[in-house]
Amino acid sequence: MNQKKEEALLLKHLKDLSHISYQRGYRTYSDFLNINEISLFLQYQKDIVTSQYRLWGGYDDAERRVICFYEDDSSNTMSFPIQCLLIQPANKKFSDALNHRDYLGAILNLGIDRKKVGDIIVKDKEAYVFCQKDITPYIIDNLNRIKHTTVLVTRQNEKIEAFEPNFIEITGTVSSLRLDTILSVAFRTSRNSLTGLIEGQKVYVNNRLVETNSFSLKEGDNVSVRGMGKFVFQGASEQTKKKRYKIIISKYI
């Protein structure tokens, strides 16, 4: 199936969910959407949404998110069918050094659709996996080994809204606040090599696709580059004597 057809089907599905919520007065939920699908939704939301909606992925900085369409006024107390699972080695001393791909691959090998799984945050020798609640028992009962490591899966029932990813602070000086210029500082590479990423539709600012190199970032903007990582632009100080800006970036690690 080509990309245009997939996008059209996704938009139709989201429109149907919104219409059902509006007509019948109850909440409907999408699967987890990736950053490209979220950007597509935000681009066409005025054409497809007839109800109210909210995006949530289990914690504030989630990249993969579920859309809830609703018609009531209780958005502040809204619950999503999302569960956070904690995956730990049975014995940390003899566990493999597992990465994001290892955890995701093990879950998908159980026959679970990628759309049912949200972000996976790897910390030390543990992983926090956000997934839809209805598949939680199946994962807990069947995921017992990743590579050569025996693992234990438990529900994480703490306030996952307060989950905070790790950052590394990067500073530098730039001639302007153009997107391509700041990307070169964040990823320590040349502006020319980044032009292809922007033109190749791989760069998102606040979940919206950006295709213009000259796009200017503002303080607090969340930037994601597919295949490279993401960061928060913390802002710039006044220009130096050489007319350059000192910038601060918080890069996810």
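What follows draws every value from the coordinates through simple rules; no lab data is involved. Computed from a predicted structure; not experimentally measured. Cβ coordinates were reconstructed from backbone atoms using ideal geometry, including for glycine residues, and neighbour counts include every protein chain displayed.
Brief remarks on what is shown
- Note, ³J(HN,Hα) from phi for the range 110-120, Karplus 6.51, -1.76, 1.60, rounded to Hz, x at Gly and Pro: 7, x, 8, 5, 4, 5, 8, 10, x, 5, 10
- Principal semi-axes in Å for the chain [√(5λ), Cα gyration tensor, largest first]: 32, 27, 17
- Relative contact order %, the range 82-162, counting alpha carbon pairs below 8 Å whose residues are six or more apart: 47
- Counting only residues at least eight positions apart within a chain, or on another chain, the aspartates and glutamates with an alpha carbon under 12 Å from that of Lys246 are Glu238.
- For the range 82-121 versus the range 1-46, the gap between their alpha-carbon centres in whole angstrom: 27
- Candidates per trypsin sites (Lys or Arg not before Pro) in the range 186-220, loop by DSSP, up to 15 other Cβ within 10 Å: Arg188, Lys218
- Based on DSSP H segments of at least four residues, each scored -39500 (n - 2.57), the chain has a per-residue ellipticity at 222 nm of -8500 deg cm²/dmol.
- Fully extended contour minus Cα-Cα distance, from Ile140 to Asn157, at 0.36 nm per residue: 4.7 nm
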